[in-house]
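K.L.:
What follows is a single structure, and I will ask about it in a moment.
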Amino acid sequence: MVVVPFVEDTMTEESLKMQGPTRKPNSRNPRVAVILRTHLLNEKFYDLLDILSRSEMYDLFVAVDETAGVVKVPNYKKLPHTVDSARNFGLCPNHPNILWHCCDYALYFSAAQIQGYQYYIMIEYDVDFVRRSPEFVERLISELSKPAPPDFVAAAFHQASPDWCWTEAAARQFSVVYYTSIFAFVAVSGRALNYLLERRKREARDCHSAQDIVNCEAFCGSALAEGGYSCVSMNELIDGAVNFSTFHPPVPVLSHSQYLLNQYIVSDPKIEIIHPVYDLRHYLEKQFKKFRDLRQLDPFVTELKQIRTTRTWEADLISDYRRICLELEES
């Protein structure tokens, strides 16, 4: 497996050594592709890439949304796609934010480029592993190697409530609608993925507007359950691994103590993954925009004072934002 050193904010292609994805044969475990999904390259992406690179239990790939332009990912097998890929695959593209609304599309695009795996695990770049290792992914793969493994694993899996925002659209296709949580971390068997792709193509034949496209959180679980495939939540396989107070919790969500890379605290020892987590640069961009648009910069300045820094560029970045806030207040 590729081994990538931790990379500071001043990352360059030369800082990574070319080794290419490899996998040692292991008859005890299913053949698994782990797909790290992103649309940008930042410190959080490289941090998670470093963690995932430390295992030989799976092959590691990077799926990149290149709708806005080519994204260079040195030394790894890149699986590029764009919004136009939906049309090429016979899927309905009629949504203003189709790759967000249908995160499962990225799985179809990626699997077509790396065929033959028994399982595909897709992880968003802003997921973080509490134990700072690929141990959770390895435990999940070990569970998938047991007799009668599930075909689909998501953060949650249960029947959706009638008033859920995606239920109405899904109910036009499925007699029973299931909720699977967001697609920040999912595992799906190759055979189930083929089935989902065919169901999406069937959907596309009757697709006329954005309202006809079922969100991935409702589509995948509902389609697979109707097709007789086994679906489970992560906690059914690894008890307590996901807690919805730290995995895509409800708004208001932006609080640096919980969401900032290397600074958040998780008190429950069972929790394995949290989401979303930002690196300092990306986090401050989001926070600044939010408070600037609200015309409430004082809370942002207060938060800047609370963030501890360990690197020179971090301290400089915070100083820059404090200066910008002061200039805006004076203008």
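K.L.:
Let me know the charge dipole size of the range 139-270 about its Cα centre in debye, to the nearest 20, where only the beta-carbon of Lys, Arg (+1) and Asp, Glu (-1) is charged. Please report the intermediate quantities before stating the final value.
P.N.:
Details: 10 positive and 13 negative charges, 71 e Å.
Using Cβ point charges on Lys, Arg, Asp and Glu, the range 139-270 gives about 340 debye.
K.L.:
State, in angstrom, two size descriptors of the range 82-131 derived from its alpha carbons: Rg to one decimal place and Dmax to the nearest whole number.
P.N.:
12.9, 40
K.L.:
Another question, then. Arrange W166, W313 by Cβ neighbour counts within 10 Å, fewest through most, would you?
P.N.:
Details: W166 18, W313 13.
Fewest-to-most Cβ neighbours within 10 Å comes out as W313, W166.
K.L.:
I need the Kirkwood Rh of the chain: take the reciprocal of the average 1/r across all distinct C-alpha pairs and report it in angstrom. Mind dumping the intermediate values first?
P.N.:
Working: mean 1/r = 0.0474 Å⁻¹.
Computed over Cα pairs of the chain, the Kirkwood hydrodynamic radius comes out at 21.1 Å.
K.L.:
Only Lys, Arg, Asp and Glu count, each charged at its Cβ (+1, +1, -1, -1), so figure out the dipole size of the chain about its Cα centre, rounded to 20 debye. Each step should come with its number before you reach the end.
P.N.:
Working: 35 positive and 43 negative charges, 165 e Å.
Around 800 debye, computed over the chain.
K.L.:
Hey, another quick one. Could you tell me which of F136, N94, G69 has its Cα farthest along the dipole of the chain towards the positive end, charges placed at Cβ (Lys, Arg +1; Asp, Glu -1), taken about the Cα centre?
P.N.:
F136
K.L.:
OK, next. Below 16 Å, Cα to Cα, which aspartates and glutamates can K77 reach? Residues fewer than 8 away in the same chain don't count.
P.N.:
Result set, ordered by chain and number: E13, D50, E56, D59, D65, E66.
K.L.:
Next up: Which of H95, H39, H81 moves most in a GNM of the chain, Cα contacts under 10 Å?
P.N.:
Answer for the Gaussian network model of the chain: H95.
K.L.:
Using the number of other C-beta atoms within 10 angstrom as an exposure proxy, rank L196, L326, L60 with the fewest first.
P.N.:
Details: L196 23, L326 12, L60 26.
So the ranking, lowest neighbour count to highest, is L326, L196, L60.
K.L.:
Sticking with this one: Report, in degrees rounded to the nearest 10, the 0 to 90 angle that the Cα long axis of helix 135-144 makes with the longest principal axis of the chain.
P.N.:
Relative to the chain, helix 135-144 is tipped by roughly 10 degrees.
K.L.:
Now for a separate question. May I ask you to derive the FRET efficiency for Q296 and A148 from their Cβ-Cβ distance with R0 = 51 Å, giving the value to the nearest 0.05?
P.N.:
Details: r = 54 Å, r/R0 = 1.05.
According to the calculation, E is roughly 0.40.
K.L.:
In what sequence do R205, R131, R200 fall when counting other Cβ within 10 Å, fewest first?
P.N.:
Numbers: R205 8, R131 13, R200 25.
So the residues, fewest neighbours to most, are R205, R131, R200.
K.L.:
Send over the Kirkwood Rh of the range 168-308, from the inverse of the averaged 1/r over different Cα pairs, rounded to one decimal Å. Spell out each step's value before the answer.
P.N.:
Details: mean 1/r = 0.0556 Å⁻¹.
Kirkwood hydrodynamic radius for the range 168-308: 18.0 Å.
Only the coordinates and a few stated rules stand behind these numbers; no lab work does. It should be emphasised that the depicted structure is a prediction, and the values quoted were computed from it without experimental measurement. Every residue, glycine as well, gets a Cβ built from its backbone with ideal geometry; the counts of neighbours run over all protein chains shown.
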